[in-house]
């Protein structure tokens with residue numbers, strides 16, 4: 001391979017050129033301090049006759065922040081507009097075995113004498129959060145209006161309202177660049193619309209397989225995000241799943257705490273949580289690539305990124321990693337992104353063998369370890 005000069009080496013370290021590597025940042029404009037996003041859906045009754053005037057209406061209700069309390073109580077009411085008809089309403093929720101469970105139901109039959117005016121009926125039930133579906137909880141409301149004749153039902157109108165919300169404090173493993181976390185459902189009896197409010201985090205360089213140009217280091221500030229919903233100061237956790245022991249002196253349980261740094265357009269990126277931010281410092285021996293939490297006067301310098309071991313015994317063909325948000329959004333959800341990082345070239349392919357590899361500028365403020 002053709003030897004390149006020192007300027008090219010440093011340029012490659014600071015400004016990688018391959019479009020697939022971790023340094024590529026797509027700068028979309030998201031407002032990190034914005035309110036949660038909303039989506040609406042209409043839930044119109046189905047009529048089984050040519051008469052489309054209303055037989056009933058489901059009254060306004062809200063359900064949200066499921067699992068935040070140990071016991072949740074749900075109340076939904078409906079108004080009977082034609083009291084000479086029969087009505088049945090069911091309110092179901094999902095259970096931890098995946099089946100739907102009847103929370104409450106209501107049956108109305110017309111009396112012997114005519115009833116004037118609208119009639120309001122209420123359903124109510126309580127659930128222990130240990131019985132919820134994880135990490136999502138599904139709800140299903142069904143109502144029908146009918147008559148009975150010759151021991152059979154004649155349907156006139158019915159309506160379904162179905163929605164899902166996140167179950168608080170549970171872990172979501174993402175499989176796409178954006179993770180939507182619906183936490184509140186509200187229904188309007190006037191518009192017959194259900195509105196879902198949700199938090200969302202977007203991983204700007206999302207992929208299950210990331211690649212970097214050089215086997216040298218993992219730059220933590222190359223992970224960019226944007227978010228809708230409440231501003232969160234939750235720590236991120238960077239974990240190396242296939243740690244072969246090379247990081248045992250630097251990481252705690254193969255994990256590293258990261259913090260958020262806010263950038264232009266209300267995006268944010270990550271960086272290492274050092275001692276000045278309530279964590280601990282990282283030190284690197286540039287000759288071996290080995291890192292430690294403890295400073296050594298011989299060769300070690302303070303760094304802000306994860307450097308890869310250069311000793312043959314500890315080398316990686318790729319890194320199996322994960323980023324986890326400890327608490328995100330209105331329901332304090334755990335969001336996890338798993339990925340692997342592969343490297344195209346060895347560091348030795350990018351410098352003149354006559355240059356002493358590992359000789360560094362001893363400046364703890366630098367993000368990189370420049371070769372001189």
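The values are calculated or read from the model by the stated rules, or taken from the named source; none is laboratory data. From a predicted model like this one, the values you see are computed outputs, not experimental measurements. Methodologically, a virtual Cβ is constructed for each residue, glycine included, from the backbone with ideal geometry; neighbour enumeration extends over all protein chains shown.
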* Asked: Taking the condition in contact (Cβ under 8 Å) with a residue 60 or more places away in the chain and surrounded by 13 or more Cβ atoms within 10 Å (Cβ to Cβ), does residue 93 pass?
  -> no
* Asked: Do you know which residues across the stretch 207-232 are in contact with a strand residue (DSSP E or B) (Cβ under 7 Å, 6 or more places away or on another chain), in a loop (DSSP other than H, G, I, E, B) and over 17 Å from residue 306 (Cα atoms)?
  -> 207, 208, 229, 232
* Please go through the stretch 330-344 and pick out each residue that is surrounded by 15 or more Cβ atoms within 10 Å (Cβ to Cβ) and modelled with pLDDT under 90. => 343
* Looking at (1) closer than 22 Å to residue 35 by Cβ; (2) assigned to a loop (DSSP other than H, G, I, E, B); (3) at pLDDT 95 or above, which is the one condition that is false for residue 163? -> (2)
* Looking only at the stretch 266-298, and only at residues there that are out of contact with any strand residue (DSSP E or B) (no Cβ under 7 Å at 6 or more places or on another chain) and assigned to a strand (DSSP E or B), the one that is surrounded by the fewest Cβ atoms within 10 Å (Cβ to Cβ) -> 285
* Do we have residue 205 as in contact with a helix residue (DSSP H, G or I) (Cβ under 8 Å, 6 or more places away or on another chain) and within 30 Å of residue 270 (Cβ to Cβ) here? -> yes
